[in-house]
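> Structure incoming, see below.
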Amino acid sequence: MFKKKVTLKILLLLIASDILETAVHFFFKKSTLVFSQGQVTDLATMLVFLKVVFSSAFLWAGLLTVVAVFIIWSMILSKIDLSVAVPIASFSYILVPLVSIIFLHEQITALRWIGVFFVILGVIFVSLSSKERTEQAK
Amino acid sequence: MKQGLLLVLFLIALTSLCDTINQLFLKSAIDSLNFTPTLNIIKIFKFIFQLVSKPRLWVGLVFSLISLCVWLVVLSKADLNFAFSADSMHYIFIALASRFVLKEKMGTWRWLGTGLIVVGIVFVSLS
């Protein structure tokens, strides 16, 4: 039977997947900035939009990173529950504010700190729930 | 303006739903393989090769592609903060799908943790 505990190896894989996932968002956002013909309102503009976006180098860099994320994510899912892996992967919401403070010297609002605290608490709860389950499964 | 907001919310729900379906197919394909995480590159490639030869993985990838296209449209229409905060509904879809489709045992702590993450993300994204 599978062991579903969140080990250090799994945690490192989750961090790697999170960092690459952030890079994916960055590349994809960059690729949409290429489109300057205004709002996408109908199917015809959407096709033009997709054509412009798919000819951007950023989109392809993003897709390449997606492949790397896919491989790492598959390794993670081979060991732990989907309902554990997905919530734990949300700690990019913690990493991004921390990086913003340390490297970009940004001011973080009180509400955002509360949000970060909630996410941390949530990740801890979900991780512990996975441990409990392993013990139950003998 | 109000109608635009509803459309964006609908598109975000659509992209979340498609991604959840993709994750379900992926998880089911992986579970059928019995792989253990390793740093051995050859074993990883063998695993990925076995994985991509599962037809259900490709069904999932089609949904993933739809999800990506819709997400690109969302990014072009909506403010990034708003898009991310609304995308936190993804965690609820994943929890429900894991519980009812994959029959994973959620437990009180996991539901509570998932709920806290959703609230936390809304706070982080909107502030």
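> Please list the three semi-axes, largest first and in whole Å, of the ellipsoid equivalent to chain B, using sqrt of 5 times the eigenvalues of its alpha carbon gyration tensor.
Semi-axis lengths for chain B are 30, 19, 13 Å.
> Also, I was wondering about something else. Specify the residue with the greatest mean-square fluctuation among A:LEU95, A:LEU14, A:LEU33, computed from a Gaussian network of chain A linking alpha-carbon atoms under 10 Å apart.
Looking only at A:LEU95, A:LEU14, A:LEU33, the largest GNM fluctuation is found for A:LEU33.
> Report, as an integer, the average count of C-beta atoms from other chains found within 10 Å of each Cβ along B:98-106.
4
> Here's a follow-up. So what are the ³J(HN,Hα) numbers for region B:112-125, from phi and the Karplus equation (6.51, -1.76, 1.60; θ = phi - 60°), rounded to whole Hz, Gly and Pro as x?
Once rounded to whole Hz, the list reads 4, x, 4, x, 4, 4, 4, 4, x, 5, 4, 4, 4, 6.
> Still on this structure: Compute the FRET efficiency between B:PHE49 and A:LEU43 as 1/(1 + (r/R0)^6), taking r as their Cβ-Cβ distance and R0 = 35 Å, and round to the nearest 0.05.
Efficiency at R0 = 35 Å is approximately 0.40.
> Another question, if that's okay. Just how far, in whole angstrom, is region A:4-18 from region A:51-73 if you go by their alpha carbon centroids?
The distance from the Cα centre of region A:51-73 to that of region A:4-18 comes to 23 Å.
> Roughly how large, in nm² to one decimal, is the mean projection of the convex hull of the alpha-carbon atoms in the protein assembly as shown?
Hull-based average projected area comes out at 15.0 nm².
> Mark the label point 7 Å from the Cα of B:LEU126 along Cα→Cβ and return the residues of region B:68-99 whose backbone N is within less than 16 Å of it.
B:79-90
> Now for a separate question. Could you tell me whether region A:1-104 comes out rounded, prolate or oblate from its Cα gyration tensor? Rule is a ≥ b ≥ c as square roots of the eigenvalues, rounded for a/c under 1.5, then prolate if a/b exceeds b/c, otherwise oblate.
The shape class here is prolate.
> May I ask you to give the average projected area over all directions of the convex hull of the Cα atoms of region B:1-62, in nm² rounded to one decimal?
5.3 nm²
> So what is the calculated 222 nm ellipticity per residue for chain B, using -39500 (n - 2.57) for each DSSP H run with n of 4 or more, over all residues, to the nearest 500 deg cm²/dmol?
It comes out at -27500 deg cm²/dmol, rounded to the nearest 500.
> On to the next question. I need the phi-derived Karplus couplings for region A:27-32: 6.51 cos²θ - 1.76 cosθ + 1.60, θ = phi - 60°, integer Hz, Gly and Pro marked x.
Karplus values, whole Hz, x for Gly and Pro: 4, 5, 4, 4, 5, 6.
> For region A:96-121 and region B:53-127, compute the distance between their C-alpha centroids and round to whole Å.
Result: 21 Å between the Cα centres.
Each reported figure results from applying straightforward, stated rules to the coordinates on display, with no laboratory input. As the structure is a prediction and not an experimental result, all values here were calculated from the model. In this analysis, Cβ positions are derived from the backbone assuming ideal geometry, glycine residues included, and neighbour counts consider all displayed protein chains.
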